[in-house]
Amino acid sequence: MRVNVHAHTGVEVVLPARAPERAAAAAVSELRPWIERRLKEARDVRDRLAARAGTVPYLGTPLELVPQAGRSRVHRAGDRLLVPDGDPRPALERFFRRSARAEIAPRLDRASELAGSSYTALDIRAQRTRWASCSASGRMSFNWRLLLAPEHVLEYVVWHEVCHLQVLDHSQRFWKLVERHWPSYRDEREWLRRHGATLVL
């Protein structure tokens, strides 16, 4: 049995094939305090998203969305994003994917050099369950949605993955290495836990 609380769709109970429906009610009753905390967090997410109406964050800077008829690509002009009229989200995602490579690559190069490590490739993706990853071969993948977070959060994730070039697991040795390079990592990790669901267009 699995109970999920989603920021945008509410509570989901997944039962094994032969479990009786009353098991779902029992699970919800038992997990009520946890569910209520998660639902409050979900309300907070929706409130934060509503509060940024007409803007989108870019590494901590709110950028005003300016719709323009006939436009197909997003163009940044200072603190404004010129976007297609109608639903700009597909064009915004393309813009953020392009921008993610430009923002992440130099940070990754610098961190790798400082750590005395090297990576083999950089991919920009839209992973559903993780912000970044490092393969055993040194291939790096980063979620473009990290550009919707404050800059210090992106910097932490970069250092997290660079540390994986030396230690692939999440052992105590790994976290000590992260702390050596990014002493405030617990703050950024907690920020992602609390606010990660707001990193959407």
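Report the antiparallel proportion of the DSSP beta bridges in the chain as a percent, rounded to a multiple of 5. Let's see the in-between values first.
On the way: 15 of 25 bridges.
If I count the DSSP bridges inside the chain, around 60 percent turn out antiparallel.
Per the helix-only calculation at 222 nm, which mean residue ellipticity applies to the chain, given -39500 (n - 2.57) for every DSSP H run of n ≥ 4 and division by its residues, nearest 500 deg cm²/dmol? Mind dumping the intermediate values first?
Details: 6 runs with 91 residues, N = 201.
It comes out at -15000 deg cm²/dmol, rounded to the nearest 500.
Using the Karplus curve 6.51 cos²θ - 1.76 cosθ + 1.60 with θ = phi - 60°, what ³J(HN,Hα) values do you get for each residue of region 106-122, in whole Hz, with x for Gly and Pro?
x, 5, 5, 4, 5, 5, 4, 5, 5, 7, x, 10, 8, 10, 9, 7, 10
What accessible surface, in Å², does a 1.4 Å probe find on Glu103, ignoring ligands, DNA and RNA and rounding to the nearest 10?
We get 40 Å² for Glu103.
For the chain, what is the accessible area per residue in Å², given a 1.4 Å probe and the full set of protein chains?
On the way: 11690 Å² over 201 residues.
So the chain comes to 58 Å² accessible per residue, rounded to a whole number.
Report, in whole Å, the centroid distance computed from the Cα atoms of region 103-169 and region 6-64.
Region 103-169 and region 6-64 have Cα centres spaced 27 Å from each other.
Roughly to the nearest percent, how much of the accessible area of region 97-182 is carbon and sulfur, given a 1.4 Å probe?
Here it works out to 46 percent.
Work from the charge dipole of region 57-117 (Cβ charges, +1 for Lys and Arg, -1 for Asp and Glu, about the Cα centre) and give the residue of Tyr58, Gln68, Ala115 farthest towards its positive end.
Farthest along the dipole direction, towards plus: Gln68.
Rounded to the nearest 5, what is the percent of antiparallel bridges among the DSSP beta bridges in region 14-108? The partial results should precede the final answer.
On the way: 7 of 12 bridges.
In region 14-108, DSSP labels about 60 percent of beta bridges as antiparallel.
Which of rounded, prolate, oblate describes region 132-201, given a ≥ b ≥ c as roots of the alpha-carbon gyration tensor eigenvalues and a/c under 1.5 marking rounded, otherwise prolate only if a/b is larger than b/c? Don't jump to the answer; show the numbers that get you there.
Numbers: a/c = 2.24, a/b = 1.38, b/c = 1.63.
In terms of gyration-tensor shape, oblate.
About the Cα centre of the chain, how large is the charge dipole given +1 on each Lys and Arg Cβ and -1 on each Asp and Glu Cβ? Please answer in debye to the nearest 20.
Values: 34 positive and 24 negative charges, 71 e Å.
Once rounded to the nearest 20, the dipole reads 340 debye.
Of all the stretches in the chain, which is the longest one without any exposed loop site, taking trypsin sites (Lys or Arg not before Pro) in a DSSP loop (any state but H, G, I, E, B) with at most 16 other Cβ atoms within 10 Å?
Values: sites that count: Arg18, Arg52, Arg71, Arg73, Arg128, Arg130.
Answer from the scan: 131-201.
Please compute the Kirkwood hydrodynamic radius of region 1-106 from all pairs of different C-alpha atoms, in Å with one decimal.
Working: mean 1/r = 0.0587 Å⁻¹.
With all distinct Cα pairs of region 1-106 included, I get 17.0 Å.
Express the carbon and sulfur contribution to the solvent-accessible surface of region 18-74 as a percent, rounded to the nearest whole number, probe 1.4 angstrom. Kindly include the intermediate steps, with their values, before the conclusion.
Working: 2010 of 3930 Å².
Here carbon and sulfur together make up 51 percent of the probe-accessible area.
The values are calculated or read from the model by the stated rules, or taken from the named source; none is laboratory data. Given the structure is predicted, the values throughout are model-derived calculations rather than measurements. Counting neighbours? That spans all protein chains shown, and the Cβs are built from the backbone with ideal geometry, glycine included. We work out accessible area using only protein heavy atoms, side chains counted, and drop any ligands, DNA or RNA first. Shrake-Rupley method; radii C 1.70, N 1.55, O 1.52, S 1.80 Å.
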